[in-house]
Amino acid sequence: MSEEKKEHKKEEFEPKIVGFLCNWCSYAGADLAGTSRIQYPPNVRIIRVMCSGSVDSMYILRALLEGADGVFVGGCHPGDCHYIDGNYKARRRMVLLNSILETLGLEKERVWLRWISASEGQKFADTMRDMTDAIKKLGPNPIAKHWNI
Amino acid sequence: MSHKIIKVKDNDVVGSINEFLRHLLESGKIHELLVQQSTPSKKVAFPVLISDAKKLHSDVIAPIIPASTAKIVSKITKIQGSPKTIGVVMHPCQIRALIELAKLNQAKLDNIVIIGVDCLGTFPINTYADFHVKKKQTELLLESFTKKNDEVEKHLRTACRVCKDPIPTNADIVIGLYGSDVEKEVLIEAHTEIGKNIIESLKLEDEKDNKNREKAVKEIREEKQKKREEFLKEKGDIKGIEKLADFFDKCVNCHNCRHACPICYCRECLFDSSVFDAEAYKFLRKAENKGLVKMPNDSLLFQLGRMNHMILSCVECGLCEQACPNEIPLMDVFIPVAENAQKEFEYNPGKDLKEKIPMIVYKEDEFTEVGEK
């Protein structure tokens, strides 16, 4: 990273968000946002997964321990899951993850679970904007500077 | 259900229980027994699978739990349910673990007769093996129990000190110590039809009244509950990355805790798999991101990841802590997290075989605050 860029980083904190999007709904929603040329902050790094229910909380924990400022999980609306009930299970996992995040001392607002359908390009863009703003308010992930973990 | 007693001769509690167990084996109602017995060196008592009643000299109440008996039952029955009746003599925490393993399809309970023993607590394996007190371990334990002093308290493992429930639940037969005058008699209770059939065939003496038992059980449960609450209050503040990083500082990523844990059953653990293998540049980049990074890395990720996978079924047996080569007091973190997470799902591991584990069921209109606001 050049010195110039580092300077810029100090001026305004740009959060890094890892996004796990389900193949059938949220990823298509993100795709629609793109093809419709809807603008949204570029802070999210998208990883396509087959189902929100396939996101082991381990991967979320790993992203956070490696220094991601936020993690987004997008799934189909309740009742619309391509695999019938993956999103309901994802929701239960999120409840469990929250008790571990509490131990880790991280705000649970750093991990978002939202339902975005393939037709909701606008909602995807809006959600990304909201999340980026929310994480900016929370500030950088305090774990990022810890090397002894 | 049926309540019986066995008379204790010459103040020899262990001997009398042994006689009862031999009786069980000889009756033919039970073909083999899994029970802990001292090794020839007498340093430890290990679970043994025993078919010959003459060779049975078990140490049922010896305060040691070197390996998870739930895991042993799983190992025996996972591929094929037992064709013969096995009586498994277990600590209450291990019965809870066995119920969880059965729910996870890791053990078949057909032909398994669970014989639960009231737990008076256990020592860490090394404390037991190198016991410097003049009395023998079991003697001290029983003396402390009958005289109701806390001589033994300082030797107990943390998990036992703040035990969730030292009285067996879900056992077919219970060998009861609380509420009986162990110098004279030990209680034998049948809690299921299977247990009743076996007990009735043995021609034991009937118990006169079990009010004492009920009272003593209530008392010990309350006492342990109180200690557990104090413990939760005291340890509940190990939170935040600073404290957690300090706490796990000595972790060398050996994964012994996972091997000892009865709940961790995965044939190939994610953390032993190639998921975390990466190209050299990724390791170098990690160092570049933070300036430096501790190696081997990912020890906290392992601990939290394991916690995330097993905490809802955690029966708080503390075998993880006993297995740690660097003596990290794992229960200090795992008990508070287990308490919170299990409360969230109103789930009590090991309580009911029919209750499904929380991660495989769901309701459509629950936890709506977690997904969409």
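Throughout, read-outs are computed from the coordinates displayed, never taken from laboratory work. Note that the structure is predicted; figures quoted are calculated from it, not measured. Backbone-built Cβ (ideal geometry, glycine too); neighbour counts: all protein chains shown.
Taking the Cα centre of the range B:40-86 as reference, the dipole from Cβ charges on Lys and Arg (+1) and Asp and Glu (-1) amounts to some 120 debye. Measuring from each cysteine beta-carbon in chain B, the ones with no other cysteine beta-carbon under 4.7 angstrom are B:CYS119, B:CYS160, B:CYS163, B:CYS251, B:CYS254, B:CYS266, B:CYS269, B:CYS314, B:CYS324. Look at the stretch A:86-98: the mean tally of other chain Cβ atoms within 10 Å of its residues' Cβ atoms is 6. Residues considered: B:MET307, B:MET90, B:MET359. Largest GNM mean-square fluctuation over chain B, using C-alpha springs under 10 Å, is found at B:MET359. Residue exposure proxy: A:HIS146, B:HIS155, B:HIS132, ordered by other Cβ atoms within 10 angstrom of their Cβ from fewest to most, comes out as B:HIS132, A:HIS146, B:HIS155.
Remark: spin-label model distance A:ASN23-B:LYS282 equals 2.1 nm, labels positioned 7 Å along the Cα→Cβ axis.
Our estimate of slack between B:SER274 and B:ASP246, defined as 0.36 nm per intervening residue step minus the Cα-Cα distance, is 7.3 nm.
Mean separation of Cα pairs under 8 Å and 6+ residues apart, divided by the residue count of chain B: what relative contact order is that in percent?
On the way: 578 pairs, mean separation 71.5, N = 373.
About 19 percent, as a whole number.
Hey, got the average number of other protein chain Cβ atoms within 10 angstrom for residues in B:298-309?
Details: counts 4, 2, 7, 7, 1, 1, 12, 8, 1, 6, 10, 4.
Mean shielding count: 5.
Summing -39500 (n - 2.57) over the DSSP H runs of n ≥ 4 in chain B and dividing by its residue number, what mean residue ellipticity at 222 nm do you reach, to the nearest 500 deg cm²/dmol?
Working: 14 runs with 142 residues, N = 373.
Value at 222 nm, helices only, nearest 500: -11000 deg cm²/dmol.
Label separation (A:ARG129 vs B:ASN126): 6.0 nm, computed from points 7 Å beyond Cα along the C-beta direction. Cβ-to-Cβ counts within 10 Å put B:THR127, A:THR132 in ascending order as B:THR127, A:THR132, the fewest first. A simple rule links phi to the HN-Hα coupling: the Karplus curve 6.51 cos²θ - 1.76 cosθ + 1.60 with θ = phi - 60°, which for the range B:169-184 gives 10, 6, 8, 6, 10, 10, 8, x, 10, 5, x, 10, 7, 5, 6, 10 Hz, with x for Gly and Pro.
Charge dipole of the protein assembly as shown (Cα centre as origin; +1 on each Lys and Arg Cβ, -1 on each Asp and Glu Cβ, all else neutral): 680 debye, rounded to the nearest 20. In the range B:241-360, taking the dipole from charged Cβ atoms about the Cα centre, the farthest positive-side position among B:PHE283, B:CYS264, B:PHE345 is held by B:PHE283. Residues of the range A:113-134 with the amide nitrogen closer than 13 Å to a label point 7 Å from the Cα of A:THR35, along Cα-to-Cβ, please. Taking a point 7 Å out along Cα→Cβ of A:THR35, the residues of the range A:113-134 whose backbone N falls under 13 Å are A:118-121. Obtain the nm distance between the two label points defined at B:GLU153 and B:GLU200 by a simple spin-label model: each point lies 7 Å from its Cα along the Cα-to-C-beta direction. So the label points at B:GLU153 and B:GLU200 sit 4.4 nm apart. Relative to the Cα centre, the charge distribution of the range A:14-144, modelled as +1 at Lys and Arg Cβ and -1 at Asp and Glu Cβ, gives a dipole magnitude of about 80 debye.
By other beta-carbon atoms within 10 Å, ranking B:CYS251, A:CYS25 with the fewest at the front produces B:CYS251, A:CYS25.
Report the GluC sites (Glu not before Pro) located in the range B:156-202 that are in a DSSP loop and have at most 15 other Cβ atoms inside 10 Å of their Cβ, or state none. If you can, show how the numbers build up before the last one.
Working: sites: B:GLU183, B:GLU185, B:GLU189, B:GLU193, B:GLU200; in loops: B:GLU183.
Sparse-neighbourhood loop GluC sites (Glu not before Pro): B:GLU183.
Pairs of Lys residues in the range B:251-373 that lie 8 or more places apart, or on two chains, and have C-alpha atoms under 27 angstrom apart add up to 11.
Converting phi to 3J(HN,Hα) with the Karplus coefficients 6.51, -1.76 and 1.60 and the offset θ = phi - 60°, the range B:326-336 yields 9, 6, 6, x, 3, 4, 4, 9, 5, 5, x Hz in sequence order, with x at every glycine or proline.
For B:LYS42, give me every one of the lysines with a C-alpha distance below 21 angstrom, ignoring sequence neighbours fewer than eight places off in its own chain. Output for B:LYS42: B:LYS54, B:LYS55, B:LYS134, B:LYS135, B:LYS136.
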